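Chemist: Got a structure here, written out as structure tokens. Questions coming.
The values are calculated or read from the model by the stated rules, or taken from the named source; none is laboratory data. The structure presented is a predicted model; accordingly, all values stated were derived computationally and were not measured. Backbone-built Cβ (ideal geometry, glycine too); neighbour counts: all protein chains shown. Ligands, DNA and RNA are excluded from the accessible area calculation, which covers all protein heavy atoms including side chains. Shrake-Rupley method; radii C 1.70, N 1.55, O 1.52, S 1.80 Å.
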Amino acid sequence: MEFRQRAMPPAVAAADVAEWRRCFGDARQVGYVTTDLMKTIRFFIDNARIGPWFVAADRYLRQANYRGAVMDVNLSTAHANSGGMQIEIIEPDPAQQTIYSEWLAQGERTLVQHIAFWVPDFQAALRLANARGYEVIMRGTSAQGGFAYLQHRDMREFTFEVTELTPDRLAKYDRIAKAAAQWDGSSPVRSP
């Protein structure tokens, strides 16, 4: 197979790169959406040896705004770490129309549904993302702080999550990372 020459993307201003990094830092999480949380957890345990998983079943994101509709979103989630990267698995309520059901309606996926950046200044991050062409698709607040899912007009199949890094959220995520670093294969599914 011969490599075809393609136009390379143009360079971006160093100040823009620095501003983005200062505001967002590094990607910290990859998120999957599934119709079967335990099956997906089992895959990661059996085939990637990632665990332990901290599962929160049937929780609600109160007053989330999805494409202009305000609702309580019901879902179950699981979190585990692999090194410094957190993996999130989301099983949405199939009866609700949300960003998660929207993703599942596209059929079987092999791609990550979102990547997340944990930011100390949530509002500044949303302003910068908006200025770069991102649109908020779903936004809300969990027990640990704000979150927003964004999509860019140039690549709607990519979802970018901005998560407010509050002290409570940082403590929770640090516990998950520490458990992963010390995991010996026992108790693969735990309560948060």
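Chemist: Taking only Cα atoms and a 10 Å spring cutoff, compute GNM fluctuations for the chain and point out the largest among A179, A125, A15.
Modeler: A15
Chemist: If you look at just the Cα atoms of the chain, how large are its Rg and its Dmax in Å?
Modeler: Considering the chain through its Cα atoms, Rg and Dmax are 17.5, 52 Å.
Chemist: Using 0.36 nm times the number of residues separating Q182 and A27, minus their current alpha carbon distance, what extension gain do you get? Spell out each step's value before the answer.
Modeler: Numbers: separation 155, 0.36 × 155 = 55.80 nm, distance 2.26 nm.
My answer for the length gained is 53.5 nm.
Chemist: Moving to a separate point now. Label-point separation (nm) for D72 and A131, each offset 7 Å from Cα along Cα-to-Cβ?
Modeler: Output for this residue pair reads 3.8 nm.
Chemist: Follow-up question, since we're still on this one. Amide H of V189: which non-local residues (sequence gap of 5 or more, or other chain) have their own amide H closer than 5 Å, using H built in the peptide plane?
Modeler: Here the answer is W53, since their amide H atoms fall under 5 Å of that of V189.
Chemist: Next up: Per residue, how many Å² of accessible area does the chain show with a 1.4 Å probe?
Modeler: Values: 11060 Å² over 192 residues.
Ligands and nucleic acids excluded, the figure is 58 Å² per residue.
Chemist: Pairwise over distinct Cα atoms, reciprocal of the mean inverse distance: report the Kirkwood radius of segment 103-155 in Å, one decimal place. Walk me through the intermediate numbers first.
Modeler: Working: mean 1/r = 0.0793 Å⁻¹.
Taking every pair of different Cα atoms in segment 103-155, averaging 1/r and inverting gives 12.6 Å.
Chemist: If each DSSP helix of 4+ residues adds -39,500 (n - 2.57) and the sum is divided by the residues in the chain, what number results at 222 nm, nearest 500 deg cm²/dmol? Spell out each step's value before the answer.
Modeler: Numbers: 5 runs with 55 residues, N = 192.
Taken over the chain, the calculation gives -8500 deg cm²/dmol.
Chemist: Over segment 27-69, one equal point on each Cα, no solvent: what is log10 I(q)/I(0) by the Debye formula at q = 0.13, 0.14, 0.27, 0.30 Å⁻¹?
Modeler: The calculated log intensity ratios at q = 0.13, 0.14, 0.27, 0.30 Å⁻¹ are -0.43, -0.49, -1.12, -1.19.
Chemist: Still on this structure, I have one more. Summarise the long-distance tail of P(r) for segment 85-192 by giving the % of C-alpha pairs beyond 24 Å.
Modeler: Numbers: 1973 of 5778 pairs.
Above the 24 Å cut-off, segment 85-192 has 34 percent of its Cα pairs.
Chemist: For segment 142-192, just the Cα set please: Rg and Dmax, both in angstrom.
Modeler: Spelled out, the Cα radius of gyration and Dmax of segment 142-192 are 15.2, 44 Å.
Chemist: In segment 85-164, which trypsin sites (Lys or Arg not before Pro) are in a loop and have at most 16 other Cβ atoms within 10 Å, using DSSP for the loop call?
Modeler: Details: sites: R109, R127, R132, R139, R153, R156; in loops: R109, R132, R153.
Passing sites in segment 85-164 are R109, R132, R153.
Chemist: With the chain treated as a Gaussian network of Cα nodes joined by springs under 10 Å, which of N74, N65, N47 yields the largest mean-square fluctuation?
Modeler: With Cα springs under 10 Å in the chain, the top fluctuation among N74, N65, N47 is at N47.
Chemist: Looking at segment 25-59, which trypsin sites (Lys or Arg not before Pro) are in a loop (DSSP not H, G, I, E or B) and have at most 14 other Cβ atoms within 10 Å? Walk me through the intermediate numbers first.
Modeler: Working: sites: R28, K39, R42, R49, R59; in loops: R49.
Counting only loop positions with at most 14 other Cβ atoms within 10 Å, the trypsin sites (Lys or Arg not before Pro) in segment 25-59 are R49.
Chemist: To continue, here is another question. So if we plug the beta-carbon distance of R153 and A105 into 1/(1 + (r/R0)^6) with R0 = 25 Å, what FRET efficiency do we get, rounded to 0.05?
Modeler: Working: r = 20 Å, r/R0 = 0.81.
The computed FRET efficiency comes out at 0.80.
Chemist: Also, quick follow-up: Carbon and sulfur atoms: what percent of the 1.4 Å accessible area of segment 78-192 do they account for?
Modeler: On the way: 2850 of 5700 Å².
Answer for segment 78-192: carbon and sulfur cover 50 percent of the accessible area.
Chemist: Then there is this: For Q63 and W20 in one chain, what is 0.36 nm times their gap in residues minus the Cα-Cα distance, to one decimal in nm? Mind dumping the intermediate values first?
Modeler: Working: separation 43, 0.36 × 43 = 15.48 nm, distance 2.89 nm.
Here the answer is 12.6 nm.
Chemist: Let me ask something else about it. Which of V33, V70, V17 moves the most in a Gaussian network model of the chain with Cα springs under 10 Å?
Modeler: Of V33, V70, V17, the Gaussian network model singles out V17 as fluctuating most.
Chemist: Using a simple spin-label model with points 7 Å from Cα along the Cα→Cβ vector, what separation in nm is obtained for A124 and M8?
Modeler: 3.3
Chemist: Using only Cα atoms, tell me the angle between helix 167-182 and the longest principal axis of the chain; keep it within 0 to 90° and round to the nearest 10.
Modeler: Taking Cα atoms only, the helix is inclined about 70 degrees.
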